[in-house]
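The block underneath contains the structure these notes are about, expressed in structure tokens.
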Amino acid sequence: MAFAKSPEQVERFRSLAAPRREASGQPQRPTTRKGRSEARKAKEDMTETEALSVALNQPHRRSVKSPRLNQTLGARDPKAGFPIGRLYLAGTITIDQLNASEKYIELYQRYAHQVVGVAPKFPCQAISDAPGGKATSRDMTFEEADKIKAQWHEAQTALADTGEWAACAGALVAIGVMLKDPRNDAELGALRIGLNALHRCWK
């Protein structure tokens with residue numbers, strides 16, 4: 001066994017024992033294919049774990065206590081992760097209104113992305129769930145585009161028939177699409193009026 005006999009040798013042994021680092025000071029990246037694969041998997045696993053931990057520790061998830069909450073999933077219940085879902089869990093809106101909101105959000109995304117041609121840059125929970133949501137108008141047939149336009153017109157007509165189109169449509173976009181909590185009772189009321197109108201239209 002070698003022992004350091006001078007300060008220079010001490011520093012040399014320390015440098016050999018220390019983790020190798022890049023010029024930037026970051027830990028040295030793996031140099032083998034296996035090492036890179038393992039490092040990538042570890043990073044992905046950690047990222048997923050951290051994301052789940054952050055999501056589950058959000059105050060609005062921790063504070064949800066409702067008989068409507070999926071008891072098996074607990075805080076993982078997707079409805080606790082977005083404003084309209086939390087309104088349902090709190091008993092503020094009904095299951096019919098919740099279902100109407102999900103259908104409207106999906107229609108909003110499909111109309112914006114596939115007909116207008118501009119995907120909404122909002123944290124909309126329907127973006128990844130909408131059937132064919134990643135397609136563009138070029139991927140659609142005329143009949144499919146026409147059907148989406150007809151459904152959108154039908155929904156807007158139902159909202160207009162309430163006499164409060166601007167308030168209802170604005171509340172649906174703010175709370176449903178942009179995932180903002182209701183600012184006041186007036187906005188919450190407009191949301192409920194709009195959802196009732198959509199439910200009647202689609203039932």
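The values are calculated or read from the model by the stated rules, or taken from the named source; none is laboratory data. This is a predicted model, so every value here is computed, not measured. Cβ placement follows ideal geometry from the backbone for every residue including glycine, while neighbour counts extend to all protein chains displayed.
Right, Ala130: modelled with pLDDT under 85, surrounded by 14 or more Cβ atoms within 10 Å (Cβ to Cβ) and more than 20 Å from Trp202 (Cβ to Cβ) or not? First the steps, then the outcome.
Values: modelled with pLDDT under 85: yes; surrounded by 14 or more Cβ atoms within 10 Å (Cβ to Cβ): yes; more than 20 Å from Trp202 (Cβ to Cβ): no.
For Ala130, the condition - modelled with pLDDT under 85, surrounded by 14 or more Cβ atoms within 10 Å (Cβ to Cβ) and more than 20 Å from Trp202 (Cβ to Cβ) - is not met.
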Inset, instruction - May I ask you to verify whether Ala169 is surrounded by 12 or more Cβ atoms within 10 Å (Cβ to Cβ) and either touching a Leu at 6+ places or on another chain (Cβ under 9 Å) or small (Gly, Ala, Ser) (or both)? - result: yes
Legend entry - helices (runs of 4 or more DSSP H) contained entirely in the range 51-127, each with at least 2 residues that are modelled with pLDDT of 85 or more: 83-89, 95-110
